[in-house]
1. Could the peptides B:83-90, A:109-116 be put in order, highest first, of the mean number of other beta-carbon atoms found within 10 Å of their residues?
2. Select from B:CYS61, B:ASN133, B:TYR166 the residue farthest towards the positive end of the dipole of chain B; place +1 on Cβ of Lys and Arg, -1 on Cβ of Asp and Glu, and compute about the Cα centre.
3. For B:ASN106 and A:GLU47, FRET efficiency with R0 = 35 Å and r from the beta-carbon atoms, rounded to 0.05?
4. Identify, among A:PHE46, B:PHE29, B:SER81, the residue whose Cα sits farthest towards the positive end of the charge dipole of the protein assembly as shown, taking +1 on the Cβ of Lys and Arg and -1 on the Cβ of Asp and Glu, with the dipole about the Cα centre.
5. Under 5 Å between amide hydrogens, which residues at least 5 positions from A:SER112 or on another chain qualify, with H placed 1.01 Å from N in the peptide plane?
6. All other residues with a Cβ under 11 Å from the Cβ of A:VAL121 taken together, and with Lys, Arg as +1 and Asp, Glu as -1, what is their net charge?
7. Can you tell me the dipole magnitude for chain B around its Cα centre, using point charges on the Cβ only (Lys, Arg +1; Asp, Glu -1), in Debye to the nearest 20?
8. By average Cβ neighbour count within 10 Å, what is the ranking of B:6-18, B:122-134, B:150-162 from highest down?
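Since every read-out is calculated from the coordinates, none of them should be taken as a lab result. Keep in mind that this is a model prediction, so the values were computed, not measured. Glycine also receives a Cβ, built like all others from the backbone with ideal geometry; neighbour counts cover every protein chain displayed.
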Amino acid sequence: MVSDNTIDGSSIVSELKKARVSFVIALPDIVTCDGLLWPISRDPDFELITICKEDEGVSICSGLSYSENRAVVMMQHTGFLDSINAIRAMGMDYQLPIIMLVGLQGLEPDYSPNESSKNGVRIIIPMLELMQIGFHILDKQSDVSSISDLIDSAYKKSSPYVFLVPRAPL
Amino acid sequence: MTMLRDEALELLATHCPDEIVVPVYQSAFDWMKIRPHKLNYLCTGAMGQASSHALGLALGCTDQKVLILDGDGSLLMNLGSLVTIGSCRPKNLWHFVLYNGIYEVNGEFPIPGGFETDFSSIATASGFPRSYNFDNIEELRKGLPEVLAGPGPVFVCLKVICGKHYPRNYETIHDARQRASFKAALATRLAATRS
């Protein structure tokens, strides 16, 4: 069981800016829409690209990475599952810095992702481990402060990275 | 009327000797031989993703012309990307689809819709300000200057049949050295353009 601390969405936005993320590629996710996506859509420091399907976002980030533009793809965990082949190709095979912010829609309050009764949520962490993709769970406010360093590190190493968002930031 | 793919690509190469080009599958194998260049972006990884890679390149390199040489089957796998591109409207993106009606590198089986799909109309309806169709080389020769002039995004459907058989060099299109070479060439190009 985990505590049900809430997270301030603006602190995540600040961390993205600190990491010099200038593009946000997104398909709306119910967990992150109000607290992150809407504020980002109104923020002139980001260029927001809305997409029709999440694997598009993985590939757009791949293209952007060659010109040293930093980007984050926002999606729901179902979109992550739908994009596995693109993430396998661009993240695992090509080792490109694809940064994903993944909302865990349906995760029960006070449960960790691995304890969820929802199949789609429960299999996310085992899949990331199997794919050897680094991840960080934004479970409480103190988890936010490392976001910029983790993005920096992913770009320096040229490797994919996932931030899991279990509950809606406020 | 129809035209040979390699003839169409050779013609395009004369107009675009130095542009960033994102070709896929058989078009990539042909293009690598017809216009070998460090700014050929060959590593699109998953089928259907070329248009999205190219959009990322176009957004990140707004002062460079970016061309996609898509396949018909590939485009069908990522048809929503037309709406995404039509919505972003990058002025520096040209999306060519080589329409031969088959999954050529996967057993030459027909694509859904055969030759009945009107890709250019879909592109127009998705927000591309200009869309073109060509099915013979002389019309393409006459039309290319207009196609390539002015701002994008532009969509071009080329109805083709297979021409010369170029070797399917999968090793190169997935090679880490190719990606490193593209990245270095792009950095050099951007530095030269922006200095």
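1. Going from most to least packed, we get B:83-90, A:109-116.
2. Value computed over the given set: B:CYS61.
3. Here the calculated transfer efficiency is 0.45.
4. My answer, from the dipole projection, is B:PHE29.
5. Here A:VAL2 satisfy the definition.
6. Cβ neighbours under 11 Å give a net charge of 0.
7. The dipole of chain B has a size of about 800 debye.
8. B:150-162, B:122-134, B:6-18
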